Ligand code: SF4
Ligand code: SF4
């Protein structure tokens, strides 16, 4: 291995041996590992990386460009954690090593620049919106279709081409959150919750947050949406940018605690829980105690919205309002025609938060909805935060495999509860099927939400 640029790094501090030692190198994790599936090399598998970590810890291997490349191919999907019979917490290991890989000399300079740009734009909705505004008339236009059809976007280079391919049509709501701070409960008051909008979700799929607010309101919950809220830090957290993550996390917590000080005559009662409708954000938010420390953490529990609604139960009036969904061709329903969906489990939901049955249970409340299960539940779709932008070749293979698996079910709609997965699956579906969030389907079935038109 290239050791010219080796650095003396106190690796042991970041790679605790008690987390490494339980690995017996059995290889049970390999078939579920997304990077191993597409690259097929031991160094790009969890077992290979653990082997490297043990060598780094013993001082027999130093972190150089080659070692970094093999860690960079890891998607951080945590499928290996679920598969491991020995209970190895690979999630702790990869989160521990990533800050060490962020030194200037360990990656190709072009990749470093791309990472810096992405990490300085995506977690900041104002910056992201300013850039998207310049692309508004291009996204979703005929010009974009022609550019894609004739392959002109390939001239952008692999990563920029991937960014272009992932960009959805932008709508009015992409540029402004447009929520009142207090969204009152309807019917019997059952509690007060805060909602985190997610930095990418609010720009690229704002309908999800609107549907989530409507569903919560219709189930008796007052929804508080602080207007100053920024990113939860998930994007930087998954890239080992600890300092930026802590800053973003503290600012987000402050945006909720500052609500008490608002001077515009609002009286906001105490919040019972903070909710989020994006799995990647939920996973980071649930790590706040570890990341931010007790003093800066939310003082109330954090829930994924599906987890919360299943725990509380949908209220009777809401259940009674649910109507069969029209089929995807817009044809009116013939007798008891089914609305067939395939549910995609986001890695940060299934492996990161152990949530699988809750979204399915909620979806089954819709009278004619039928859920088909793909064969490879729990295998990553290749999105993984910014992975599909910085490792486009591997991500493309995984995206195609995922779409094949989902479409072979025969479902007419794909359901995803994580914005990154939604964009990745849409990109590889090439608009053949629609991809929706469970909250959108519930809101549509209840007749409480009309999706805004694409502008
Ligand atoms: S991480 Fe677990 S499953 Fe994978 S090789 Fe080690 S012990 Fe086996
Ligand atoms: S986190 Fe995912 S990609 Fe990384 S080693 Fe584990 S299974 Fe493989």
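Packing, taken as the mean count of other beta carbons within 10 Å per residue, orders the peptides 22-28, 376-382, 277-283, 245-251 from highest to lowest as 277-283, 376-382, 245-251, 22-28.
For the chain, the mean residue ellipticity at 222 nm estimated from helices alone is -12500 deg cm²/dmol, where every DSSP H run of n ≥ 4 contributes -39500 (n - 2.57) and the total is divided by all residues, rounded to the nearest 500.
May I ask for the distance between the Cα centers of the stretch 418-452 and the stretch 169-208, given as a whole number of Å? Cα centroid of the stretch 418-452 versus Cα centroid of the stretch 169-208: 15 Å apart.
Each of residue 160 and residue 42 was given a label point 7 Å from its Cα along the Cα-to-Cβ line. The distance between the two points is 4.1 nm.
Residue 86 to residue 242: FRET efficiency via 1/(1 + (r/R0)^6), r the Cβ-Cβ distance, R0 45 Å, to the nearest 0.05?
On the way: r = 28 Å, r/R0 = 0.61.
Working from the Cβ atoms, E equals 0.95.
Please give the FRET efficiency for residue 111 paired with residue 294, using the beta carbon to beta carbon distance and R0 = 45 Å, rounded to the nearest 0.05. For R0 = 45 Å, the calculated efficiency reads 0.80.
Look at where the Cα atoms of the stretch 229-305 and of the stretch 69-90 average out, and the two centres are 26 Å apart. Protection proxy ranking, highest mean first, for peptides 350-356, 231-237, 181-187: 231-237, 350-356, 181-187, where packing is the per-residue count of other beta-carbon atoms within 10 Å, averaged.
For a modelled paramagnetic label at residue 189, 7 Å from Cα along Cα-to-Cβ, the residues of the stretch 220-243 in reach, with backbone nitrogen under 12 Å, are 221-223. Applying D = kT/(6 pi eta Rh) to the chain, where Rh is the Kirkwood radius over alpha-carbon pairs, T corresponds to 4 °C and eta to 1.567 mPa s, the Stokes-Einstein value obtained is 56 µm²/s.
Note on residue 181 and residue 135: the model spin-label points, each 7 Å out from Cα along the C-beta direction, lie 3.3 nm apart. Residues 306, 51, ranked from the fewest to the most other C-beta atoms within 10 Å, line up as 51, 306. Among beta bridges identified by DSSP and lying wholly in the chain, the antiparallel ones come to about 10 percent.
All of the numbers you see were taken from the coordinates with simple rules; none came from a lab. The model shown is predicted, which means the values in this text are computed figures rather than measured ones. Note that we place each Cβ from the backbone using ideal geometry, even for glycine, and neighbour counts take in every protein chain shown.
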